[in-house]
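I have placed the structure first, in the form of structure tokens, so that the comments after it can refer back to it.
The values are calculated or read from the model by the stated rules, or taken from the named source; none is laboratory data. Values in this document were obtained by computation on a predicted structure and should not be read as measured data. Methodologically, a virtual Cβ is constructed for each residue, glycine included, from the backbone with ideal geometry; neighbour enumeration extends over all protein chains shown. The area values use the complete protein model at the heavy-atom level, side chains included, leaving out ligands, DNA and RNA. Shrake-Rupley method; radii C 1.70, N 1.55, O 1.52, S 1.80 Å.
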Amino acid sequence: NVKWVDSAKAVFGTGNDMEIYHNGTDAIIDAEASGATRSLILKGGTTTDRLIELQSSDAEPHIRCAANAGVKLYYDNAKKLETWSDGIAVYGPEGGDAAVYIFADEGDDSPDKWRIIAEQASSSLWIQNYAAASYEANIKCIGNGGVELYYDNSKKFETTSTGVEIHGNVQ
């Protein structure tokens, strides 16, 4: 075993390009130690089963990357996002809703904030905007086929099993 005291560094590269050390609080791998931006590449497993996983000290997963497969992101030990060959999957908690938040222009203004929610209880998908300091409905897609359109959080149009319904004035 090789042991170093806190803040003692293992330095690699002819230009001291990378350092590994513990500063008394955090374990650090510094790939910019020489001031130049360097890549940090982690490789794991065999050619048929390569896996890299970042975990907390209690083995709770945070990021899991598998060769020729997806990347999985976790929150509080539950998978929340996973990449697939044809896109991504977003997971809500067991018995709860799933949400995707999209912020234009850094989300620094209320109208820049949008969310898409898949509701567990109603099997509905909502598109909402954070217009007046709270999320307001724009579109609701109901699991068995109905669609509702909203203006200023008020339903104006919906499809039904027999056709359509208009709520309010027709112009």
GluC sites (Glu not before Pro), loop per DSSP, at most 13 other Cβ atoms within 10 Å - longest free stretch of the chain: 95-171
For region 87-128, convex hull volume per residue from C-alpha positions, Å³: 88
Per residue value of the accessible surface for the chain (all protein chains in place, 1.4 Å probe), Å²: 73
Net dipole in debye of region 6-85 [+1 Lys, Arg Cβ; -1 Asp, Glu Cβ; about Cα centre; nearest 20]: 380
Rounded percent of accessible protein surface that carbon and sulfur make up, region 46-171, 1.4 Å probe: 52
Solvent exposure ordering (accessible area, 1.4 Å, most first) of SER85, SER56, SER124: SER85, SER56, SER124
For region 1-106: relative contact order, % (alpha-carbon pairs under 8 angstrom, 6 or more apart): 10
Identified option (computed Cα extents along the principal axes in Å; candidates (1) 48, 34, 33; (2) 77, 39, 27; (3) 57, 33, 30): (2)
Surface accessible to a 1.4 Å probe, ARG50 within the full protein complex, Å²: 100
Among ALA67, ALA131, GLY146 - extreme Cα towards positive end, dipole of region 22-171, charges at beta-carbon: ALA67
Region 122-171 - Debye-derived log10 I(q)/I(0), Cα point model, q = 0.24, 0.25, 0.26 Å⁻¹: -0.91, -0.95, -0.99
Cβ-placed point charges (K, R +1; D, E -1), dipole of the chain about Cα centre in debye, nearest 20: 480
Summed side-chain charge close to ASP105 - residues other than ASP105 whose Cβ falls under 15 Å, Lys, Arg +1, Asp, Glu -1: -3
